[in-house]
Amino acid sequence: MNTILRKSVLGIAGLAFTGGVFAGPVAAHAADTTHAGKPVTATVQSDKLIPHGVQGEQSRIDLDDEQVANVKAIIAATKKAGMDERAAVVSIATALQESKLENLGHLGDRNDHDSQGLFQQRPSSGWGTVEQITDPEYSTTAFLKGLKQVDGWQDMPLTKAAQTVQVSAYPDHYAQWEQQAADLVAAHWNK
């Protein structure tokens, strides 16, 4: 397929997806308390953690001990950086989208270029060395440094703030993790 035609098709598909996400029946999903046939745990509704409300249908995964340890590491790094709970929500939602909170090393043929760690940061893009970006504290601090440089990130929808730092090919996908990220911050911030 020639480049112009391919870009046109991808652009139309992107518009259709975006239109569906923003114009879709969000209210119908808001009352849904199940996910994949399982009850969803009570969710946090806080202006501090979710100031804009969640955007679109939310995803949720069960976490193992390693993933919970990574949540705690993100929260500790956020506190150490002098940032608030909202920064932790943005960070955790980003890591949920990028790695499902797994500290991923090089995945061979399945790797997205040289992306690694919780935030799928790339050494070749200046995020740090492989050793650094696979360290949860370092990678979180690097993400937060980028977030601090986004003017008005506190007043943006989560997905826009995360996308401005990450520059993902799928900019709207961060939004689906906002509720679980807020629940995790609420559960672990004061521990």
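The values are calculated or read from the model by the stated rules, or taken from the named source; none is laboratory data. All of these numbers come straight from a predicted model, not from anything done at the bench. Note that we place each Cβ from the backbone using ideal geometry, even for glycine, and neighbour counts take in every protein chain shown. What goes into the accessible areas is simple: the full protein's heavy atoms, side chains included, and nothing from ligands, DNA or RNA. Shrake-Rupley method; radii C 1.70, N 1.55, O 1.52, S 1.80 Å.
Structure data summary
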{"item": "Qualifying position, being modelled with pLDDT of 95 or more, of a type in the set (Ser, Thr, Tyr) and surrounded by 11 or more Cβ atoms within 10 Å (Cβ to Cβ), among THR43, THR78", "result": "THR78"}
{"item": "Test: residue in the stretch 116-128 that is under 13 Å from the mean Cα position of the chain (by Cα), part of a helix (DSSP H, G or I) and either basic (Lys, Arg) or within 22 Å of GLU85 (Cα to Cα) (or both)", "result": "no"}
{"item": "Filter pass, GLN154 being farther than 17 Å from ASN70 by Cβ, in contact with an Asp or Glu (Cβ under 9 Å, 6 or more places away or on another chain), modelled with pLDDT of 95 or more and open to solvent by 20 Å² or more (accessible area, probe 1.4 Å)", "result": "no"}
{"item": "Residue among GLN97, GLN121 that is in contact (Cβ under 8 Å) with a residue 12 or more places away in the chain, surrounded by 21 or more Cβ atoms within 10 Å (Cβ to Cβ) and farther than 27 Å from LYS48 by Cα", "result": "GLN121"}
{"item": "Members of the stretch 158-191 that are of a type outside the set (A, V, I, L, M, F, W, C), touching a residue at least 24 places away in the same chain (Cβ under 8 Å) and in contact with a helix residue (DSSP H, G or I) (Cβ under 6 Å, 6 or more places away or on another chain)", "result": "THR159, ASP172, HIS173, TYR174, GLU178, HIS188"}
{"item": "Qualifying residue in the stretch 173-182 (condition: open to solvent by 20 Å² or more (accessible area, probe 1.4 Å) and at pLDDT 95 or above)", "result": "yes"}
